[in-house]
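As structure tokens, the structure follows; a few thoughts come after it.
The values are calculated or read from the model by the stated rules, or taken from the named source; none is laboratory data. Note that the coordinates shown come from a computational prediction; the quantities given were computed from them, not determined experimentally. When we count neighbours, we look across all protein chains shown, and the Cβ atoms used for this are built from the backbone with ideal geometry, even at glycine. With ligands, DNA and RNA removed, areas are computed over all heavy atoms of the protein, side chains included. Shrake-Rupley method; radii C 1.70, N 1.55, O 1.52, S 1.80 Å.
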Amino acid sequence: MAVSIAGGVRPGKLIELEKRLYQHLIVGKHKAAAMDDVANQKLEDDANKLEIERLAIQARLEKQAKAQAVFEAVSKQLIDTVSNDIEHQLASPDLLLKSTGLQENHILLLDLLLDKDPDISRIRPIISNISWLKHDLVTLINSPASRHRRPKSSDVQVTDIKLVLNYIGLENLRLLIPYFCLRNWLPSGHTNLVWTSRKLWRYSMITAIAAQALAVLHNRPLGVSYTCALLYQMGTSFILGSSAKIYEKHWGNWLRESSHSRDKEVYDAVMATEFPAEQVLKHVISSGHNLNWQLLSHLGFDDSSITQVLKELDHDYHYNELSIDASIVAKASCFAKILLLEEHQLLEPQERRVMLDYYEFSQQEIIRLKAQNYRKLDLA
């Protein structure tokens, strides 16, 4: 007789599959198609050119034993310097917060939106003081594709934040503000993370849309599960973004120094040294989910329902011990993993069954989740 694993001790296979997904997201060379509002074409072109140049240099170095020895020594020294700097920053919440730009008013805003009857007079000034969020909302309402209420004349641009929020509506703001927050926190502007950022964004969006569908199915309020589903990759995003900044700082300095000294072998070695994705992956696996709630706690939001759910998801609880909101996020994340792994033939049928069994998926839930459009956030 087969022993049921439903909801109990998390089997090693699930931990292995989670690592496999992050390996695909962070280290894998698959190039993800752009979703709405992702990296611009110039950044993508730069990433492709840099990859081609690196491959050409690496091919040339492989034919030159001496140059290869220089490459290995210089590259190791550069990666060690980068890795030490990354570890130092991850060990300090204050340094990490400064690097990421996460602020107390961001989390306060997300918390206020979870109230049963949010006070728009408190929400409006917070949005006005977050420049990137205000810009995103104003851009959305003035977009030709916007379906929200706005003046009939296409020549009229709405810039007053009070009007913008009125046109969008409170229920849509509950969906859009967490969406824009995560999009802003994802690593951007880094040629080394173009594909990683796109894959992580897609994983987050699938998880959020799945959480939204499950909350509706089970007659639960959308707020906490949906917001936490989006913030579930916040820590991973911060690790990646901070690591990319550190790498680019050292890589650029070393490149300029070797160019100034006209040492072509060292220059080529630095140029061919890639972002240390494997080392960063280890930090993501060990600290990504932990940072989700620890950074919020550091900002003074210990009692926030967002912090509590993200903390639950980081601890090694059995699935059937989770609160309903945390279980929805866990289940939604599992479904997103299945979709992404299957897309690239990285999941066996029996592994899929283990995942579905552990998270106690019902047939009704699977049918509902399969029916969702995971390419677009469905606004009212």
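Quick notes on this structure:
- Over all other residues within a Cβ to Cβ distance under 14 Å of GLY223, the charged ones net out to -2, with Lys and Arg as +1 and Asp and Glu as -1.
- With at most 16 neighbouring Cβ atoms within 10 Å, loop trypsin sites (Lys or Arg not before Pro) (DSSP) excluded, longest segment of the chain: 263-374
- Average accessible surface for segment 170-293: 32 Å² per residue, computed with a 1.4 Å probe over protein heavy atoms with every protein chain in place.
- Computed over the chain: relative contact order in percent, which uses C-alpha pairs under 8 Å that are six or more apart: 29
- For the chain, convex hull volume per residue from C-alpha positions, Å³: 164
- Residue ranking by accessible heavy-atom surface, 1.4 Å probe, largest first, among TRP254, TRP293 comes out as TRP254, TRP293.
- Heavy-atom accessible area ranking, 1.4 Å probe, most first, across SER92, SER333, SER131: SER131, SER92, SER333
- Using a probe radius of 1.4 angstrom, the carbon and sulfur fraction of the accessible surface of the chain is 51%.
- Hits among aspartates and glutamates - C-alpha to C-alpha of LYS19 under 16 Å, sequence gap 8 or more where chains match: GLU278, ASP314, ASP316, GLU342, GLU348, GLU351
- Mean separation of Cα pairs under 8 Å and 6 or more residues apart, divided by the residue count, gives segment 103-170 a relative contact order of 27 percent.
- Across all directions, the average projected area of the convex hull around the alpha carbons of segment 235-380 is 13.4 nm².
- Taking the Kirkwood radius as Rh and the Cα radius of gyration as Rg, segment 228-321 has a ratio of Rg/Rh equal to 1.21.
- When each of LYS76/LYS311; LYS98/LYS162; LYS199/LYS311; LYS199/LYS264 is checked by Cα-Cα distance, pairs over 32 Å: LYS76/LYS311; LYS199/LYS264
- Full extension of the chain between VAL27 and HIS298 yields a length gain of 94.6 nm, computed as 0.36 nm times the residue separation minus the alpha carbon distance.
- When Rg and the Kirkwood Rh are both derived from Cα coordinates, the Rg/Rh ratio for segment 314-380 amounts to 0.98.
- Solvent-accessible surface (1.4 angstrom probe) belonging to PHE361, in square angstrom, nearest 10: 30
- Only alpha carbons enter this Debye calculation for segment 103-170, each as an equal point scatterer, and the log10 of I(q)/I(0) it gives at q = 0.15, 0.22, 0.26, 0.27 Å⁻¹ is -0.50, -0.95, -1.19, -1.25.
- Equivalent ellipsoid semi-axes - Cα gyration tensor, segment 167-275, angstrom: 42, 12, 9
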